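Asks: Sharing a structure with you now.
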């Protein structure tokens with residue numbers, strides 16, 4: 001073997017032999033009221049529930065069932081009185097014995113308000129949540145501009161632009177949306193004749209009762225010359241259920257009641273009481289993100305008179321905040337105005353730019 005190669009191998013093995021081993025993740029042992037013990041990692045505390053990584057899965061443990069906790073390495077904790085420190089924890093009669101930087105202290109499991117890294121105690125400082133603060137953590141804005149291709153009530157091609165803004169915390173969610181489509185409509189001969197538009201604005205507020213259930217109020221204002229709508233105003237209040245709330249998947253369902261008022265371009269105004277059943281899912285497929293909303297809203301006094309709207313899009317990242325989105329919007333009106341078709345299909349391709357999370 002070549003001598004320089006022998007020397008290189010020797011020094012590599014020597015370096016590996018004296019290099020300190022990579023630190024292991026801190027292990028915690030939880031003792032439950034029934035005597036069971038679980039060894040794993042206490043990931044976080046969600047109010048009255050501890051989320052404990054055990055056997056490759058996250059297990060939710062009611063804090064009322066926890067009688068002891070031991071840590072083999074320091075962890076960061078925030079107590080209910082605001083104390084934040086890196087501590088070691090051992091079982092103690094009537095609670096937990098914490099070894100802090102200032103001494104020892106015995107607390108109950110319920111007095112632990114948050115846990116985290118012992119080397120990043122700033123992350124345990126509670127956030128003061130305001131309408132616009134902290135804006136970088138709770139607000140996200142998405143701008144999109146591109147082209148549309150419409151079929152149904154009018155064969156049309158043109159420009160499409162949208163803006164969506166969302167603020168989300170653990171206790172509420174505010175969503176605003178704006179959009180405009182301006183297209184040249186074709187006659188049966190195939191030549192472009194008329195420039196028409198479709199625009200909308202939405203506002204919705206969700207207030208969470210707990211981690212699953214939320215109350216909401218929403219309004220949507222839209223103008224759609226394709227469907228003979230000078231202004232359609234919808235106002236809803238209802239109840240929602242957050243079925244899945246994970247980083248890669250967000251799924252919720254809702255039911256609501258409200259009022260829909262339609263002012264038609266041709267003539268007349270129609271105001272009806274409506275019900276609404278809706279679902280919304282956002283799912284990350286690796287780099288691409290699927291967003292799909294479905295809304296079924298029949299008239300309360302006549303369920304055969306309804307609107308069904310499906311709005312789906314897939315967005316793939318291109319470069320640092322810039323993405324490419326393909327969208328499909330399908331609208332079905334069971335009893336449209338005379339001369340208006342029941343089904344409308346809009347396909348859009350857009351470049352997007354996202355600011356925030």
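FYI, it's all coordinate maths here, none of it is from the lab. Note that the structure is a prediction, hence the values are computed from the model and not measured. So basically every Cβ, Gly included, is an ideal-geometry build from the backbone, and we count neighbours across all protein chains shown.
Asks: Most mobile of 282, 247, 307 per a Gaussian network model of the chain (Cα springs, under 10 Å)?
Replies: Looking only at 282, 247, 307, the largest GNM fluctuation is found for 247.
Asks: Continuing with the same structure: Which of the peptides 152-161, 261-270 is most tightly packed, and how do the rest follow, going by the mean number of other Cβ atoms within 10 Å of each residue?
Replies: 152-161, 261-270
Asks: Arrange 145, 214 by Cβ neighbour counts within 10 Å, fewest through most, would you?
Replies: 145, 214
Asks: Another question, then. Quick one: order 280, 342, 301 by neighbouring beta-carbon count within 10 Å, fewest to most.
Replies: Least to most surrounded, the residues fall as 301, 342, 280.
Asks: Here's another thing I want to ask about it. Ratio of alpha-carbon Rg to the 2.2 N^0.38 Å globular estimate for the range 23-124, to two decimals, please.
Replies: 0.97
Asks: Additional query: Using a Gaussian network for the chain with springs between C-alpha atoms less than 10 Å apart, which of these wobbles most: 207, 51, 237?
Replies: 51
Asks: Tell me, what is the Rg over Rh of the range 279-334, with Rh the Kirkwood radius over Cα pairs?
Replies: In the range 279-334, Rg relative to Rh is 1.18.
Asks: Mean-square fluctuation check for the chain, GNM, Cα pairs under 10 Å: which of 210, 252, 34 is largest?
Replies: Comparing 210, 252, 34 in the GNM, the peak value goes to 34.
Asks: Taking Rh as the Kirkwood radius, which is the inverse of the mean 1/r over Cα pairs, what is the Rg/Rh value for the chain?
Replies: My calculation puts Rg/Rh at 1.14.
Asks: If each DSSP helix of 4+ residues adds -39,500 (n - 2.57) and the sum is divided by the residues in the chain, what number results at 222 nm, nearest 500 deg cm²/dmol?
Replies: Here the helix-only value at 222 nm equals -1500 deg cm²/dmol.
Asks: Oh, and also: Among 112, 351, which comes first, second and so on when ranked by fewest other beta-carbon atoms within 10 Å?
Replies: 351, 112
Asks: Quick check: the angle from helix 3-18's long axis to the longest principal axis of the chain, C-alpha only, nearest 10 degrees?
Replies: The answer is roughly 80 degrees.
Asks: What base-10 log of the normalised intensity I(q)/I(0) is obtained for the range 208-248 from the Debye formula, alpha carbons as equal point scatterers, at q = 0.19, 0.20, 0.23 Å⁻¹?
Replies: Log10 I(q)/I(0), no solvent term: -0.68, -0.70, -0.76.
Asks: Using Cα pairs under 8 angstrom and six or more residues apart, how large is the relative contact order of the chain, in percent?
Replies: For the chain, the relative contact order is 10 percent.
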